[in-house]
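Student: Got a structure for you, questions after.
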């Protein structure tokens, strides 16, 4: 796998994971300082999933995800500056300060969706468009949390995608907690992908969401399967989030000892250690990379702080009504 991917792509993926981590850490700080408002759902602990998915399947697909969307936006073309400015509600933001943390977009990312499960029909629609226009080199990648699996939209959407043979990769980022409720208390069956997929006549796969290489190999295989069969698949990536559900969740339902065990499998450090073991990276190079990405996000915070507020005269721009 290492030889297949090569040194520079692997180092680039590690840098992307660091970029996401630092954005999340500084984004949290901005909220705590009162500089950003609204909601904020950190992706800390899950960085290997999105990074491996984009690396394996390529950005040139249709992507849609939940409100935990910062990582996907950064991977799919949004800059740290425009994303941070959006958190600050500034005119230079990704959605001109109107969407906030949960609604980031690029020309490949159809958005972060604020409604649990709201993105799943959108992902099916993207798959339908790909089939309708015969774009057989593309797939729709629809990402959701484990909390969306019990929503009606999940079942209706997967059923429709299977009926219509749509090229959709449904990805459950199972971070084990739907808000503060453990997944086993919210979903009646274990092994979400392996249990749910057969009921819709599709293949199901489970990846270790903390392991970049496992995710990359899995997504590469799944991507090839969907391109070949033009059929949907269901993927489950297991990676418990390090933070609470949102900025307002202290996550007191987990003990300090539990969090310490969890952080021992930090996806960034697992990936870094693997690259060092393979002779593709040194500790000092990692530290330099880490510092560069931290400085990039600090620059984004300064940019956001200095950016203008939206002009109230533009409030109705982009609002469409008959």
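Student: Among the residues of the range 145-186, what is the count of those that are assigned to a loop (DSSP other than H, G, I, E, B) and either in contact with a strand residue (DSSP E or B) (Cβ under 9 Å, 6 or more places away or on another chain) or without any contact (Cβ under 8 Å) to a residue 60 or more places away in the chain (or both)?
Tutor: Summing the residues that are assigned to a loop (DSSP other than H, G, I, E, B) and either in contact with a strand residue (DSSP E or B) (Cβ under 9 Å, 6 or more places away or on another chain) or without any contact (Cβ under 8 Å) to a residue 60 or more places away in the chain (or both) in the range 145-186 gives 6.
Student: Further, regarding this structure: What is the one condition in (1) surrounded by 14 or more Cβ atoms within 10 Å (Cβ to Cβ); (2) modelled with pLDDT under 95 that residue 319 does not satisfy?
Tutor: Every listed condition holds for residue 319 apart from (1).
Student: Suppose we filter 30, 52 for residues that are surrounded by fewer than 24 Cβ atoms within 10 Å (Cβ to Cβ), touching a helix residue (DSSP H, G or I) at 6+ places or on another chain (Cβ under 9 Å) and touching a residue at least 60 places away in the same chain (Cβ under 8 Å); which single one remains?
Tutor: That would be 30, the only listed residue that is surrounded by fewer than 24 Cβ atoms within 10 Å (Cβ to Cβ), touching a helix residue (DSSP H, G or I) at 6+ places or on another chain (Cβ under 9 Å) and touching a residue at least 60 places away in the same chain (Cβ under 8 Å).
Student: Another one. Considering only residues that are on the phi < 0 side of the Ramachandran plot and not in a helix (DSSP H, G or I), look in the range 278-297 and name the one that is surrounded by the most Cβ atoms within 10 Å (Cβ to Cβ).
Tutor: Residue satisfying both the conditions and the ranking: 281.
Student: Can you tell which of 55, 19, 50, 78 is under 23 Å from residue 125 (Cβ atoms), under 15 Å from the mean Cα position of the chain (by Cα) and not in a loop (DSSP other than H, G, I, E, B)? Steps first, answer last, please.
Tutor: Working: 55 fails: under 23 Å from residue 125 (Cβ atoms); 19 fails: under 23 Å from residue 125 (Cβ atoms); 78 fails: not in a loop (DSSP other than H, G, I, E, B).
Unique residue meeting the criteria: 50.
Student: Hey, another quick one. Among the numbered criteria (1) under 18 Å from residue 19 (Cα atoms); (2) free of Cβ contacts under 8 Å to residues at least 40 places away in the same chain, which single criterion is violated by residue 296?
Tutor: Just one mismatch for residue 296, condition (2).
Student: List pairs: first residue in the range 252-266 and within 12 Å of residue 241 (Cα to Cα), second residue modelled with pLDDT of 90 or more and surrounded by 10 or more Cβ atoms within 10 Å (Cβ to Cβ) anywhere in the structure, Cβ distance under 6 angstrom, at least six positions apart or on different chains.
Tutor: So the pair list comes out as 262/240; 265/210.
Student: Take the range 210-223 and flag every residue that is outside any helix (DSSP H, G or I) and surrounded by fewer than 23 Cβ atoms within 10 Å (Cβ to Cβ). Reasoning before the result, please.
Tutor: So the first thing to find is which residues in the range 210-223 are outside any helix (DSSP H, G or I), and the list is 210-211.
If the condition is that a residue be outside any helix (DSSP H, G or I) and surrounded by fewer than 23 Cβ atoms within 10 Å (Cβ to Cβ), then 211 is the only one that fits.
Student: Also, I was wondering about something else. In the list 275, 227, which residue meets the criterion of being in contact (Cβ under 8 Å) with a residue 40 or more places away in the chain and surrounded by fewer than 20 Cβ atoms within 10 Å (Cβ to Cβ)?
Tutor: Just a single option satisfies the conditions, and that option is 227.
Student: Of the residues 282, 314, which single one is more than 25 Å from the chain's Cα centre (by Cα) and within 30 Å of residue 6 (Cβ to Cβ)?
Tutor: That would be 282, the only listed residue that is more than 25 Å from the chain's Cα centre (by Cα) and within 30 Å of residue 6 (Cβ to Cβ).
Student: Can I ask one more? Going through the range 187-208 one residue at a time, which ones are touching a helix residue (DSSP H, G or I) at 6+ places or on another chain (Cβ under 6 Å), part of a helix (DSSP H, G or I) and closer than 13 Å to residue 149 by Cα?
Tutor: 192
Student: I'd like to verify a number: residues in the range 224-245 that are touching a strand residue (DSSP E or B) at 6+ places or on another chain (Cβ under 9 Å), farther than 23 Å from residue 190 by Cβ and part of a loop (DSSP other than H, G, I, E, B), how many?
Tutor: Here the count works out to 2.
The values are calculated or read from the model by the stated rules, or taken from the named source; none is laboratory data. Remember, predicted model here, so these are calculated numbers, not experimental data. Cβ coordinates were reconstructed from backbone atoms using ideal geometry, including for glycine residues, and neighbour counts include every protein chain displayed.
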